[in-house]
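Visitor: Dumping the structure here so I can ask a few things about it.
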Amino acid sequence: MAAPEPAPRRGREREREDESEDESDILEESPCGRWQKRREQVNQGNMPGVQSTFLAMDTEEGVEVVWNELHFADRKAFAAHEEKIQTMFEQLVLVDHPNIVKLHKYWLDASEARARSPPAPQVIFITEYVSSGSLKQFLKKTKKNHKAMNARAWKRWCTQILSALSFLHACSPPIIHGNLTSDTIFIQHNGLIKIGSALPDDLRSPIRAEREELRNLHFFPPEYGEVADGTAVDIFSFGMCALEMAVLEIQANGDTRVTEEAITRARHSLSDPNMREFILSCLARDPAHRPSAHNLLFHRVLFEVHSLKLLAAHCFIQHQYLMPENVVEEKTKAVDLHAVLAEIPRPPRPPLQWRYSEVSCLELDKFLEDVRNGIYPLMNFAAARPLGLPRVLAPPPEEAQKAKTPTPEPFDSETRKVVQMQCNLERSEDKARWHLTLLLVLEDRLHRQLTYDLLPTDSAQDLAAELVHYGFVHEDDRTKLAAFLESTFLKYLGAQP
């Protein structure tokens, strides 16, 4: 007969279950009810001044996010900067880049009824949850098992970070990150790098922040605190991150700051002269001598001519919304594996041939997914720079009073991109009007079907703008949706309605 299980063990298991249940308890909800704050705290320091970060649930998407609480020193400081806070956070919500942690939503909380310690106004904002940890944590793990960083991985990481900085600095006005360290850069399991959300310099002074941690002071340039932060501040911080990535760790004396001697030793340990010159240019003491993020992408240590495979992958992804969802699978099934994919003539020798059988379909799917996720950005072209981020218009007095109350907004902006579109037009039974059915597949594979009875005055541009306004479609998809609808109108009607 089996002996009964000891009571203490059962007690420990119950305690662990109770702790797990406590962490999943819902402590608070957003005004719109979409975001639910849990008890479990997470260590994802996106911004300076964020004193509390909790795991939260996005009830609409069914994914975990981070609930950030940004506290202010007092109510006077909060009131003095309230309009600027709204303007800046409206800008940050519009920032959409695969290598930047996404800021989904924010709202102001100046309620005196809340029992907080200390009782102070705050901004609550929801950001993407990156579960794989910070770059610093990854480098520490790597150092235990490897003697040096893989040069190709170092280049890929630098390219992704610079891609994000180049995007922020090209906005109008430029967005300065101002807190770029290996603790605020995150790496996912697939190699995708994301930098934490940026906090504009105008808001750093009124926030009770402890940015100047001794162990991170070496990430900030000599001019920090003496002049207003410019884009050169981020370049210096990036250079220090690039150095730390190359050597895996810059030794510090316990918890004290990293010394100049330690940084010098780390620089001298670099064996690649191009890598050393690249990093030194970022760490120039004079901010005017530091290169821009965009120019650094063309440095010889990073620059390489994009392969035809990568160019084709980006082109495919940009136009994937025009193709069936399983187009890759269907095309590969129909291909003759013995057919020649490419050929290099070598007279008088036989040509060098590459056949379809030498291409792995699984590798192709993974490569397309990596490109879609932003691991291989196209940065070696004079691409269009990001548009200026619109500033929030000052609301009329009656609207300003309404904005202070914790009520949900009428329409939430769609943050997911469309990856596939299908459209159909049918005559109504009385033949008097056309009935439109639009199927949208979003990047998280959500299918959204919309129906509408066309009016004689409707245009493709107006319909696309209306879908964006009501939160059905991302702003970036407006142009291609309008073009897609217009081509559908021409196909069925012969002219745009």
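Visitor: When segment 248-283 is examined, which residues are found to be surrounded by 17 or more Cβ atoms within 10 Å (Cβ to Cβ) and in a loop (DSSP other than H, G, I, E, B)?
Guide: Leu248, Ile250, Val258, Leu270, Leu283
Visitor: Of the residues Leu485, Leu425, which single one is part of a strand (DSSP E or B), touching a residue at least 24 places away in the same chain (Cβ under 8 Å) and either of a type outside the set (Val, Ile, Thr) or surrounded by fewer than 14 Cβ atoms within 10 Å (Cβ to Cβ) (or both)?
Guide: Values: Leu485 fails: part of a strand (DSSP E or B).
After ruling out the rest, the residue left standing is Leu425.
Visitor: Condition first: among the hydrophobic types (A, V, I, L, M, F, W, C) and more than 22 Å from Glu64 (Cα to Cα). Now tell me which residues in segment 438-472 satisfy that. Break it down into steps so the answer makes sense when it comes.
Guide: Our first condition is that a residue be among the hydrophobic types (A, V, I, L, M, F, W, C); within segment 438-472, this holds for 438-442, 446, 450, 454-455, 460, 463-465, 467-468, 472.
Leu438, Leu439, Leu440, Leu450, Leu454, Leu455, Ala460, Leu463, Ala464, Ala465, Leu467, Val468, listed by residue number.
Visitor: Being open to solvent by less than 30 Å² (accessible area, probe 1.4 Å), outside any strand (DSSP E or B) and closer than 21 Å to Leu322 by Cα is the filter here; which residues of segment 428-464 pass it?
Guide: Ser459, Ala460, Leu463, Ala464
Visitor: Checking Gly230 against (1) at pLDDT 85 or above; (2) surrounded by fewer than 21 Cβ atoms within 10 Å (Cβ to Cβ); (3) more than 18 Å from Arg285 (Cα to Cα), only one condition comes out false. Which one?
Guide: Every condition holds for Gly230 apart from (3).
Visitor: With the condition kept exactly as written, say whether any residue in segment 204-227 is of a type in the set (A, V, I, L, M, F, W, C), at pLDDT 85 or above and open to solvent by 10 Å² or more (accessible area, probe 1.4 Å). I'd like the intermediate steps shown before the answer.
Guide: Quick first cut of segment 204-227, residues of a type in the set (A, V, I, L, M, F, W, C) only: 207, 209, 214, 217, 219-220, 227.
If we keep only those that are at pLDDT 85 or above as well, we get 219-220.
Narrowing further to those that are open to solvent by 10 Å² or more (accessible area, probe 1.4 Å): 220.
Yes, segment 204-227 has at least one match.
Visitor: Right, next: Let me spell it out: the conditions are (1) over 26 Å from the mean Cα position of the chain (by Cα); (2) outside any helix (DSSP H, G or I), and Asp229 meets all of them except one. Which number is the exception?
Guide: Unmet for Asp229, out of (1) over 26 Å from the mean Cα position of the chain (by Cα); (2) outside any helix (DSSP H, G or I): (1).
The values are calculated or read from the model by the stated rules, or taken from the named source; none is laboratory data. Since the model is a prediction, treat every value here as computed from it, not as a measurement. Every residue, glycine as well, gets a Cβ built from its backbone with ideal geometry; the counts of neighbours run over all protein chains shown. Keep in mind that these areas ignore ligands, DNA and RNA; they rest on the heavy atoms of the full protein, side chains included. Shrake-Rupley method; radii C 1.70, N 1.55, O 1.52, S 1.80 Å.
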